[in-house]
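Q: This is the structure I have questions about; it appears just below.
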Amino acid sequence: MTALHGAPDWYKDVIIYEIPVKSFFDKNHDGVGDFPGLIEKLDYIKDLGVTALWLLPFTDSPLRDDGYDIRDYTTIHPSYGSMDDVRRFIDKAHDLGLRVISELVLNHTSRTHPWFVSAASSRSSPYRDYYVWSDTPEKYRGTRIIFSDTEKSNWTWEPRTRQYYWHRFFHHQPDLNFENPKVQEELLKVVKFWFGLGVDGLRCDAVPYLFEREGTSCENLPETHTFMKRLRAEVDREFPDRMLLAEANQWPQDVLPYFGEGDEFHMAYHFPLMPRLFIAIAKSDNRPIIDILDQTPKIPSACQWAIFLRNHDELTLEMVNDQERDYLWSTYAQDPRMRLNIGIRRRLAPLMQNDRRKIDLMHSLLLTLPGTPILYYGDEIGMGDNVHLGDRNGVRTPMQWSSDKNGGFSRANPSDLYSPVIQNPIYGYQVVNVENQARFPTSPLNTLRQMIAVRQSARLFGRGELHFLHSKNRSILAYFREMGKDVALIINNLSDRAESVTLDLSRYRGYSIVEMFDKTPFPLIARARFHFTLSPYGFFWLSLIPPARTQRNHARAASSASHPERRLIDS
Ligand code: GLC
């Protein structure tokens with residue numbers, strides 16, 4: 001096992017790329033992506049510039065919830081490869097400087113997990129108390145149903161032992177009983193197994209739901225925090241440089257306790273920000289973004305938000321009010337097939353009507369707002385989705401590598417693929433694929449690569465403070481990112497028209513401005529008010545250079561005429 005060294009809070013500096021192993025590359029031609037395939041594509045991932053991989057569940061499972069229905073926590077699903085393949089994958093990723101984040105599904109198992117098989121066979125099974133049972137489905141009535149399209153209750157009747165069992169997700173995924181100390185011990189063993197194998201982080205699935213308590217919503221209970229703090233303490237003791245990421249789809253004030261005092265999770269998703277990025281760009285209005293970030297409390301200094309545009313689930317609309325939800329549904333999911341539960345099952349490019357300017361702008365927001373960005377596989381080439389596939393499968397289709405058979409994903413017969421590839425004339429693999437896009441400097445892939453490279457050149461994006469600049473023009477979202485003496489000014493035009501804006505830059509009077517992509521110098525900030533003009537959906541990433549450094553840079557620029565490899569800006 002090779003380990004990666006670096007700052008213990010490395011998770012503030014990475015860009016995460018989310019991958020379902022089954023969807024990436026099929027090395028053994030059976031129609032399902034696998035670890036050997038993923039290993040082969042690590043160079044692609046490295047070239048993209050991302051620095052961490054988050055793998056969706058890959059252990060043994062009947063795959064009725066794509067692996068979140070765990071049958072075994074530590075055996076690799078045979079379609080994806082062997083434990084040796086996983087070890088080789090982690091080593092190769094680490095050799096390339098890539099961190100590996102995998103899943104920890106704490107809340108539930110599959111109904112086919114041997115614990116549940118035994119528990120459901122007899123009330124006297126030693127595993128009976130691993131799950132939550134009741135004689136009546138009336139218990140915990142204040143609890144909402146998450147998969148509201150498929151489940152009518154959080155209780156399901158188990159005929160053999162004549163009791164109901166509790167589940168927050170699908171009925172085939174019984175919730176574990178965290179009141180039982182043995183369950184806690186089992187899950188701690190799982191954590192140590194994966195960290196022992198060398199993964200750098202665990203994304204802890206469905207964390208708010210671990211405990212149940214009558215008269216509550218059964219979410220975010222204090223017992224959950226007590227358990228997570230214990231888990232964290234054990235991780236810190238044995239694996240001090242690893243990371244825990246909370247999936248808690250909640251309002252910022254309810255997520256805050258998951259950071260504890262820096263003694264619970266290192267990271268948590270910022271769920272409420274995501275739908276507001278989609279509202280802001282649709283309404284050409286900066287307020288949804290400013291409002292939610294203004295309401296976001298400060299988090300402990302070692303902690304970090306994880307931010308994202310799309311992922312493997314529906315674009316969840318739980319963290320918006322009814323009006324906002326209706327707006328998002330009517331804007332982005334007119335076709336009822338695009339809706340699932342309380343969300344929208346579509347990918348980024350179709351949501352943006354395949355408008356390159358909007359896709360790039362969304363990436364500009366993702367890469368410059370505070371937090372660690374997560375990219376979803378395939379969105380870097382603008383892949384489409386397939387609303388004809390059930391559940392969330394339409395956003396989990398095979399990666400499109402080339403215009404070859406099956407999009408270059410697999411040599412199997414098309415009918416043997418785990419999912420059809422996208423075939424329509426706009427998003428089909430014949431048109432949208434890595435090979436085509438690698439050829440053109442301004443393709444979506446190469447544009448995003450460049451944006452990632454610029455983001456990675458300045459640590460302030462992952463670590464700096466955020467200060468909004470206010471102006472009369474609500475279509476413009478402008479902010480400083482500041483870390484010590486390093487400052488970037490980001491200006492985004494959320495509208496489909498050219499816009500001009502006057503910003504008060506008095507805070508940085510005397511600084512010079514350099515555009516971060518091409519290193520083009522802009523005029524010096526001589527006066528407080530500074531005027532910018534932006535193209536439709538255009539954006540600027542500008543580095544502000546203090547006067548002393550400007551002079552040094554001028555001197556360097558003069559000498560770099562003979563040393564072209566020297567860069568003008570050292571942000
Ligand atoms: C998480 C996963 C989702 C899964 C659910 C139940 O929300 O992101 O894909 O279905 O947990 O395990």
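The values are calculated or read from the model by the stated rules, or taken from the named source; none is laboratory data. Note that the coordinates shown come from a computational prediction; the quantities given were computed from them, not determined experimentally. Note that each Cβ is placed from the backbone with ideal geometry, even for glycine, and that neighbours are counted across all protein chains shown. For accessibility, only protein heavy atoms count, side chains too; no ligands or nucleic acids. Shrake-Rupley method; radii C 1.70, N 1.55, O 1.52, S 1.80 Å.
Q: Output the antiparallel fraction of DSSP beta bridges having both residues in the chain, as a percent to the nearest 5.
A: Antiparallel: roughly 60 percent of the beta bridges in the chain.
Q: OK, next. Efficiency by 1/(1 + (r/R0)^6): what FRET value for ASN424 and HIS29, r their Cβ-Cβ distance, R0 = 30 Å, to the nearest 0.05?
A: With R0 = 30 Å, the Cβ-Cβ based efficiency is 0.75.
Q: Can you report the principal axis dimensions of the range 1-101 using only the alpha carbons, biggest first, rounded to whole angstrom?
A: 38, 25, 22
Q: Which lysines does LYS27 reach when only Cα atoms under 17 Å apart count, and residues fewer than 8 places away in its own chain are ignored?
A: LYS41, LYS92, LYS405
Q: What part of the accessible area of the range 457-551, given as a whole %, is carbon or sulfur when the probe is 1.4 angstrom?
A: 50 percent
Q: Another one. Rounded to two decimal places and with Rh computed the Kirkwood way over Cα pairs, what is Rg over Rh for the chain?
A: Here Rg/Rh amounts to 0.97.
Q: Another question, if that's okay. Mind checking which lysines have their C-alpha under 20 Å from LYS152, skipping anything on the same chain fewer than 8 residues away?
A: Partners found: LYS139.
Q: In the range 348-417, what trypsin sites (Lys or Arg not before Pro) fall in a loop by DSSP, with at most 15 other Cβ atoms inside 10 Å?
A: In loop regions of the range 348-417 (DSSP not H, G, I, E or B), the sparsely surrounded trypsin sites (Lys or Arg not before Pro) are ARG411.
Q: May I pose another question? Could you give the size of the charge dipole of the range 270-311 about its Cα centre, using +1 on the Cβ of each K and R and -1 on the Cβ of each D and E, expressed in debye and rounded to the nearest 20?
A: 100 debye
Q: How many percent of the accessible area of the range 293-385 is carbon or sulfur, using a 1.4 Å probe?
A: After summing per-atom areas, the C and S share lands at 47 percent.
Q: Can you list which of the trypsin sites (Lys or Arg not before Pro) found in the range 214-323 are DSSP loop residues with at most 16 other C-beta atoms within 10 Å?
A: Those that pass, being in a loop and sparsely packed, are LYS298.
Q: Right, next: What ³J(HN,Hα) values, in whole Hz, does the Karplus curve 6.51 cos²θ - 1.76 cosθ + 1.60 give for the range 514-524 when θ = phi - 60°, with x put for Gly and Pro?
A: Result, ordered by residue: 10, 5, 7, 7, 10, 6, 6, x, 9, x, 4 Hz.
Q: Determine which lysines satisfy two conditions relative to LYS472: a Cα distance under 18 Å, and not lying fewer than 8 residues away in the same chain.
A: LYS283
Q: Moving to a separate point now. Could you tell me the relative contact order of the chain? Use alpha-carbon pairs under 8 Å, at least six residues apart, and round to a whole percent.
A: It comes to 12 percent, rounded to a whole number.
Q: With a 1.4 Å probe and every protein chain kept in, tell me what percent of the accessible surface of the range 35-184 is carbon plus sulfur.
A: The C+S portion of the solvent-accessible surface of the range 35-184 is 50 percent.
Q: Same structure again: Can you list the trypsin sites (Lys or Arg not before Pro) in the range 496-550 that are in a DSSP coil and have 16 or fewer other beta carbons within 10 angstrom?
A: Here the trypsin sites (Lys or Arg not before Pro) that fit, given the DSSP loop and packing criteria, are ARG497, ARG509, LYS519, ARG527.
Q: On to the next question. For the range 131-288, what proportion of DSSP beta bridges, expressed in % and rounded to the nearest 5, is antiparallel?
A: So the antiparallel bridges in the range 131-288 amount to around 55 percent.
Q: With a 1.4 Å probe and all protein chains kept in place, how do LYS41, LYS152 rank by accessible area, largest first?
A: Result of the area sort, largest leading: LYS152, LYS41.
Q: I'd like the distance between the alpha-carbon centres of the range 435-456 and the range 308-355, rounded to an integer number of Å.
A: 26 Å
Q: Cα extents of the range 198-325 along the three principal axes, largest first, in whole Å?
A: 48, 37, 28 Å, listed from the longest principal axis down.
Q: Next up: In nm, to one decimal, how far is the ASN413 label point from the TRP157 one, both placed 7 Å along Cα→Cβ?
A: In this crude spin-label approximation the distance works out to 4.2 nm.
Q: Just grab the label-to-label distance for THR136 and GLU223, each label 7 Å out from Cα along the Cβ direction, in nm (one decimal).
A: 1.9 nm
Q: Dipole size in debye (nearest 20) for the range 70-169 around its Cα centre, Lys and Arg Cβ +1, Asp and Glu Cβ -1?
A: Charge dipole, the range 70-169, about its Cα centre: 340 debye, nearest 20.
Q: Please work out the FRET efficiency for the pair LYS192 and SER535, using the Cβ-Cβ distance as r and a Förster radius of 56 Å; give the result to the nearest 0.05.
A: FRET efficiency, LYS192 to SER535: 0.60.
Q: Further, regarding this structure: At 1.4 Å probe radius, can you tell me the per residue accessible area of the range 216-312 in Å²?
A: 33 Å²
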